[in-house]
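The values are calculated or read from the model by the stated rules, or taken from the named source; none is laboratory data. Values in this document were obtained by computation on a predicted structure and should not be read as measured data. Note that we place each Cβ from the backbone using ideal geometry, even for glycine, and neighbour counts take in every protein chain shown. Just so you know, the surface numbers come from the protein's heavy atoms only, side chains and all, with ligands and any DNA or RNA stripped out. Shrake-Rupley method; radii C 1.70, N 1.55, O 1.52, S 1.80 Å.
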Amino acid sequence: GLPAALPALPLELTVLYNSLLCTVGASDSAIKGEAEGIRQGLLRVLEACGACGQDLGVEELWQKVLQEVTVEELQAPLHRLGALQAAWWLAASQLGSVAGLFQLLSTAEDPGRAHCSEGQNELLSIIKAWRVPPEGASLPLVQSAKDLKEILCTAAAFLQGLQELEAGNFPTALSLLQEAAGGFCSKKILAQIYTCLGCCAQRMGKPQTALQHLKRALQVDFQCLPALSHVAAVYHELGETDGEMQALTLLYEALEKNSPAAASSSPYFLMQTELLVHTPVLTSLLRHHHPSEVKYLLAQRCLQDGRVADAVEHYLDFLSLLQEGLQQQVPLDGSSALPRIPEVFLEAASALEQAGRHQDTITVCEEVISRTTDLIPQVLRVEERLEQPEYLLPGAGLAGRLLSQKESLCCLAWRTAGYLHQGWAWAKLGESKEAVTQFSRERLEDAIFRCLCLPVTDNLQAEVEVLQKIRLLSLIGRGTQFLELGRHKEALLDFQHSLQISPGDPAAASYLVQALWKLNRKQEAAAQWQKFCQGSPGEDGQQQGQERPLPLYLVSCLEQAMFPHSEPLARSIQDYLGAAAQDTSS
């Protein structure tokens with residue numbers, strides 16, 4: 001409450017500088033908002049000089065103070081306070097304000113010093129050009145202005161590197177992040193910078209360079225677990241499954257231990273780089289995975305790579321986590337690596353099936369079927385409207401939960417995929433009649449038929465294509481079991497229907513030929529076989545390339561539907577055609 005006096009202002013501004021740093025250091029959290037203390041300090045300076053600035057914004061206030069206050073004793077305290085103001089603006093990503101302030105500080109000292117050399121970053125050049133004021137022995141500082149300048153340079157390079165990375169300007173981002181890596185920061189921040197360098201190199205199409213940066217991040221600070229997840233992603237991109245599995249395994253073990261972060265061996269400062277850089281892109285790059293997400297990735301990669309036994313173990317571990325309230329622990333904002341829970345169950349069923357655990361497959365699929373049965377509406381109307389139509393669950397009443405059209409189709413796909421897996425499981429157990437029952441469940445057939453006969457909007461195309469593939473695989477599966485039961489005419493009808501759904505499908509075409517052959521309609525079988533063989537392999541490959549990739553839980557069903565007797569059948573038909581040709585010539 002005392003009036004501002006020029007002789008006391010150097011001490012007053014120094015105390016303000018120290019108190020603001022202590023407040024920041026004590027909070028140990030990212031700097032947010034404005035530093036009201038700095039504004040009040042500047043107003044005190046103007047008051048002591050007989051000027052006023054109550055109506056000015058902070059930037060205008062700094063401009064007025066630095067241009068009008070020429071008292072020599074105030075220059076060093078004002079410059080230190082200016083560096084502290086720059087820290088607040090950096091934390092708010094106000095880079096233009098920071099550049100303008102340091103231009104004023106440098107111009108006040110030497111009008112010719114604040115120049116940016118060609119090819120250099122303007123903001124960094126301006127900060128580096130600022131001459132740190134000398135410290136007076138009578139006014140000790142809790143953190144020197146020299147150290148604060150180094151931290152500002154590092155934070156400015158890091159922040160701009162992240163902005164360029166987000167904008168897709170990768171060479172510029174790489175240069176700025178390398179500048180930040182050579183700056184003044186803790187091991188924790190250095191590891192984060194190397195992680196960002198790795199991500200930048202990966203996006204530039206340089207996976208080996210990315211691995212070098214990411215491994216460097218882990219060498220600096222092994223607690224930087226996001227670097228380990230990025231290592232796994234790079235190995236996945238390179239197709240190096242062993243390296244990816246090793247990285248994911250290490251990541252899972254580290255997350256399970258949940259050990260506290262090691263204390264930094266770097267010198268402790270009240271103002272640190274980590275308090276100034278907190279952008280959404282950095283949060284995204286350094287997102288920590290939940291152990292269950294990594295467990296799922298291990299299961300998924302094992303299944304994709306054919307490591308069935310390992311996949312089964314990981315999937316069963318993951319399913320056990322569901323009993324521990326997993327859905328409350330994993331973010332639902334789209335950032336999680338986890339798919340929808342029914343899809344995980346179906347992938348687990350696929351792994352169990354490939355491992356020969358057919359009864360377990362049936363049990364897991366029954367869980368999916370029972371949970372989704374009541375979620376499928378009796379009538380699906382696919383209409384082209386701007387708004388997303390919704391469906392009231394049967395028997396749910398006015399307070400019932402509403403499902404979107406897309407969600408209803410997803411539930412239908414999961415349920416029918418469950419029946420499909422059960423059908424193949426019963427077939428592997430030698431129970432052809434039970435397999436036929438599962439392949440031809442009345443609700444399954446009717447629901448898909450109703451859905452596939454409706455006009456389809458673009459936003460539902462992917463779901464309908466999955467249902468078409470399930471319908472195709474169900475018909476082929478049922479047809480194969482009819483063949484096993486000697487019901488060749490019924491098998492023929494299923495294979496004919498399969499070709500109506502997917503003309504030229506090699507498995508359906510081959511089974512059709514076999515069914516005709518078993519019915520002793522050898523001439524028709526030979527004609528169909530010749531027609532199939534004359535089809536262009538290039539066209540089939542082009543068609544497959546245009547299709548969307550199948551969900552992982554359907555891949556094993558597609559493999560089981562492949563025709564296994566191509567060569568013997570081909571020899572039989574060639575012998576038949578050769579004999580027929582001899583009879584004609586004679």
In segment 148-168, residues that are among the β-branched types (Val, Ile, Thr) and over 31 Å from the mean Cα position of the chain (by Cα) total 1
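Restricting to segment 193-237, name every residue that is touching a Ser or Thr at 6+ places or on another chain (Cβ under 7 Å) and more than 21 Å from Leu255 (Cβ to Cβ).
The one that is touching a Ser or Thr at 6+ places or on another chain (Cβ under 7 Å) and more than 21 Å from Leu255 (Cβ to Cβ): Ala201.
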ask   = Do the conditions hold for Ala145, that is, is it over 26 Å from the mean Cα position of the chain (by Cα), of a type in the set (Gly, Ala, Ser) and open to solvent by less than 20 Å² (accessible area, probe 1.4 Å)?
value = yes
In the set Glu164, Glu150, the lone residue that is closer than 30 Å to Leu11 by Cα, open to solvent by 10 Å² or more (accessible area, probe 1.4 Å), free of Cβ contacts under 8 Å to residues at least 40 places away in the same chain and in a helix (DSSP H, G or I) is Glu150
Given (1) exposed (fewer than 15 other Cβ atoms within 10 Å of the Cβ); (2) at pLDDT below 90, Val464 misses just (1)
message = Tell me whether segment 58-76 contains one or more residues that are without any contact (Cβ under 8 Å) to a residue 12 or more places away in the chain and open to solvent by less than 60 Å² (accessible area, probe 1.4 Å).
response = no
Taking first residues from segment 462-478 that are not assigned by the TED database to the domain that holds Lys433 and second residues anywhere that are among the aromatic types (Phe, Trp, Tyr) and open to solvent by less than 10 Å² (accessible area, probe 1.4 Å), the pairs with Cβ under 7 Å that are 6 or more apart or on different chains are none
### Message
Going by what's in this entry, would Gly53 be described as at pLDDT below 85 and in a loop (DSSP other than H, G, I, E, B)?
### Response
yes
Out of (1) outside any loop (DSSP other than H, G, I, E, B); (2) open to solvent by 30 Å² or more (accessible area, probe 1.4 Å); (3) modelled with pLDDT of 90 or more, the one Glu274 does not meet is (3)
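Conditions (1) modelled with pLDDT of 85 or more; (2) part of a helix (DSSP H, G or I); (3) among the hydroxyl-bearing types (Ser, Thr, Tyr); (4) open to solvent by less than 30 Å² (accessible area, probe 1.4 Å), marked per residue:
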site	(1), (2), (3), (4)
Lys406	no, yes, no, no
Ala413	yes, yes, no, yes
Tyr419	yes, yes, yes, yes
Gln422	yes, yes, no, yes
Trp426	yes, yes, no, no
Glu434	yes, yes, no, no
Thr437	yes, yes, yes, no
Leu444	no, yes, no, yes
Ala447	no, yes, no, yes
Inside segment 277-308, the number of residues satisfying the requirement of being under 16 Å from Thr249 (Cα atoms), part of a helix (DSSP H, G or I) and either open to solvent by 50 Å² or more (accessible area, probe 1.4 Å) or touching a His at 6+ places or on another chain (Cβ under 7 Å) (or both) is 4
Filtering segment 507-525 for residues that are in contact with a His (Cβ under 6 Å, 6 or more places away or on another chain) and either of a type in the set (Lys, Arg) or not assigned by the TED database to the domain that holds Cys557 (or both) leaves a count of 1
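Conditions (1) part of a loop (DSSP other than H, G, I, E, B); (2) within 22 Å of Val294 (Cα to Cα); (3) assigned by the TED database to the domain that holds Pro10, marked per residue:
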| position | (1), (2), (3) |
| --- | --- |
| Pro140 | yes, no, no |
| Phe158 | no, no, no |
| Cys185 | yes, no, no |
| Leu190 | no, no, no |
| Cys196 | no, yes, no |
| Ala201 | no, no, no |
Residue count, segment 472-491, condition open to solvent by less than 10 Å² (accessible area, probe 1.4 Å) and either aromatic (Phe, Trp, Tyr) or farther than 14 Å from Thr437 by Cβ (or both), comes to 6
The number of residues in segment 188-215 that are surrounded by 17 or more Cβ atoms within 10 Å (Cβ to Cβ), more than 17 Å from Gly243 (Cβ to Cβ) and in contact with a helix residue (DSSP H, G or I) (Cβ under 7 Å, 6 or more places away or on another chain) is 11
